[in-house]
Amino acid sequence: MSDFFRLQKRIDELSAIGARDGAVTRLGLTADEQAARDLVASWCAARGAQVRRDAAGNLFARFPGEREGDPVVLVGSHVDSVPEGGRFDGALGVICAVEAIESLLDVGTRFQRPVEVVAWADEEGARFGIGLFGSAAAFDRLPARAAERADRSGVSVAAALRALGEQGDPALARRDPREIAAYLELHIEQGPKLAEANRPLGVVSDIVGIVHGRVTVKGRADHAGATVMTARADAFLGAAEMALALETAARSRENTVGTVGEVGVRPGAKNVVPGECVFTIDVRAPEQSRIDAVMADFRDAVKRVSEARGLETSVDLFNAIPPTPLDATMRDLFARAAASVGVEAPVLPSGAGHDAQNPALAGVPTGMLFIRSTGGSHTPRESAATVDAALASDALAFALRRLAG
Ligand code: HGY
Ligand code: MN
Ligand code: MN
């Protein structure tokens, strides 16, 4: 049985790292994320795990099995956050993974095969734009030249890894998927479905495909007072029209979303017509064909608006993850695990992206169990009940007993 108070204490301890003004900011490949890894490592080492960090910054804590040479059962999530995020996204999955293992060790369980807790590095991609970074490095799915990607202050992925004491090449983190028997991830739902169904747990059927890109619109900086409206090449207004076109393209298709989350203008002064505007796009859908259709509509709009306003626009796609169905055997195992704690868990898709996509796409049998959450996500309003986390940990312990003996 999981220990409610141990869970609560760890939720409070971990969410204190990077906490500011009621929100959590623990960006990937920063000292805050490393502090979170160190905390998780200390919990695991105290129970006999061998802990290590790989070349991409991923933390692995290995609990030995009787048959040490067997493929491992990997279980975990991520401990980084978006800027001004919540206490539970990623972190609760890692905490529950440790809790499930400790609750088994508490009753003298000896694993037949090794079990590793993983905290994937930089899942959010908030600094460098590469989402699912650590798990992509482990399963050889990084975008080209990932180590050269730089954050807003010009620090590259390689430099950030070296600052952590790594060599700077995340590709060195590659693992052979054949050495992994299964990957399990617990995560808050981040949507309303489980709360609406009044269920604490849900089994994930599949995860949306995601395209991330950056759009650079070049116009002409000019005097805000001396330049008549018909003589302008306003980069921001062009970008605004393109963003609205993305919204229209996404709205017109079921279960499809499009978001402009970051926007910057140059030179960025109230009395200067913006000469340049750079913004990000995030497009998601359960089917690749819908993602492709939204991107085609968006590119048409970019061309149309650029010509009409005398702008030069480039669209740089820097990350794409295909829609990812999860393993049916693992779905069934998690359904039985939820039933073992008295929960008839609904099966539902994930609108959020997850590290689980990378092991699944690499052929590792992968399963995800959602924990009910409220208040949305990627916001300090994000909330989850410790009693639900305890149920999830017990369900995960059930699954680990079957997978790791
Ligand atoms: O963006 C996502 O879906 C995830 O939270 N990284
Ligand atoms: Mn997230
Ligand atoms: Mn997450």
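Structure notes:
- The one condition from (1) surrounded by fewer than 22 Cβ atoms within 10 Å (Cβ to Cβ); (2) touching a helix residue (DSSP H, G or I) at 6+ places or on another chain (Cβ under 8 Å); (3) on the phi < 0 side of the Ramachandran plot; (4) outside any helix (DSSP H, G or I) that G363 does not meet is (3).
- Selection within region 102-113 - part of a loop (DSSP other than H, G, I, E, B) and crowded, with 21+ Cβ neighbours inside 10 Å: F111
- Condition check for D327: at negative phi, in contact with a Leu (Cβ under 7 Å, 6 or more places away or on another chain) and at pLDDT 95 or above: no
- For region 120-140, a residue qualifies if it is charged (D, E, K, R) and away from ligand 1 (no atom under 12 Å from the Cβ), and the qualifying residues are R127, D140.
- Here V204 clears all of (1) within 16 Å of ligand 2 (Cβ to nearest atom); (2) in the same structural domain as T313 (by TED's automatic domain parsing) except the condition numbered (2).
- Candidate set: region 310-357, residues that are of a type in the set (D, E, K, R) and under 21 Å from I371 (Cβ atoms); chosen: the one nearest to ligand 1 (Cβ to nearest atom): D355
- For the residues A308, A339, the requirement of being assigned by TED's automatic domain parsing to the domain that holds D151, at pLDDT 95 or above and either crowded, with 22+ Cβ neighbours inside 10 Å or over 22 Å from A126 (Cβ atoms) (or both) singles out A339.
- All of D70, D89, D21, D12 fail the test of being among the acidic types (D, E), in the same structural domain as L400 (by TED's automatic domain parsing) and within 16 Å of ligand 3 (Cβ to nearest atom), apart from D89.
- Qualifying residue in region 118-135 (condition: in a helix (DSSP H, G or I) and over 14 Å from the mean Cα position of the chain (by Cα)): no
- Enumeration of residues in region 373-388 that are within 15 Å of ligand 3 (Cβ to nearest atom) and touching a Leu at 6+ places or on another chain (Cβ under 7 Å): A384
- The residue list A239, A226 contains one member that is in a helix (DSSP H, G or I), over 28 Å from P359 (Cβ atoms) and away from ligand 1 (no atom under 16 Å from the Cβ), which is A239.
- Tabulated pairs, region 41-68, first at positive phi, second crowded, with 22+ Cβ neighbours inside 10 Å and among the aliphatic types (A, V, I, L, M), C-beta under 9 angstrom, 6+ apart or interchain: G57/L29; G57/A121; G57/A137; G57/A160; G57/L161; G57/A173
- Among the residues of region 176-195, the one identified as away from ligand 3 (no atom under 16 Å from the Cβ), in a loop (DSSP other than H, G, I, E, B) and of a type in the set (D, E, K, R) is D176.
- In region 372-396, the qualifying residues are those that are crowded, with 24+ Cβ neighbours inside 10 Å and over 18 Å from K9 (Cβ atoms), and the one that is nearest to ligand 2 (Cβ to nearest atom) is S373.
- With respect to the conditions (1) more than 28 Å from E99 (Cβ to Cβ); (2) within 16 Å of ligand 1 (Cβ to nearest atom); (3) of a type in the set (S, T, N, Q), T216 lacks only one, and its number is (2).
- Lone qualifier among G131, G168, G154, G108 - being in the same structural domain as A384 (by TED's automatic domain parsing), within 16 Å of ligand 3 (Cβ to nearest atom) and modelled with pLDDT of 95 or more: G131
- Residue within region 64-77 that is of a type in the set (S, T, Y), over 21 Å from A385 (Cα atoms) and touching a Gly at 6+ places or on another chain (Cβ under 9 Å) present: no
- Matching option when the condition is at negative phi, more than 16 Å from ligand 1 (Cβ to nearest atom), among the acidic types (D, E) and surrounded by fewer than 18 Cβ atoms within 10 Å (Cβ to Cβ), among E166, E148, E99, E116: E148
- Some residue of region 292-299 being assigned by TED's automatic domain parsing to the domain that holds A146, free of Cβ contacts under 8 Å to residues at least 12 places away in the same chain and either not hydrophobic (A, V, I, L, M, F, W, C) or not in a helix (DSSP H, G or I) (or both): no
The values are calculated or read from the model by the stated rules, or taken from the named source; none is laboratory data. Please read these numbers as outputs of a predicted model, since none were measured by experiment. All Cβ positions, even for glycine, are placed from backbone atoms using ideal geometry, and neighbour counts span all protein chains on display.
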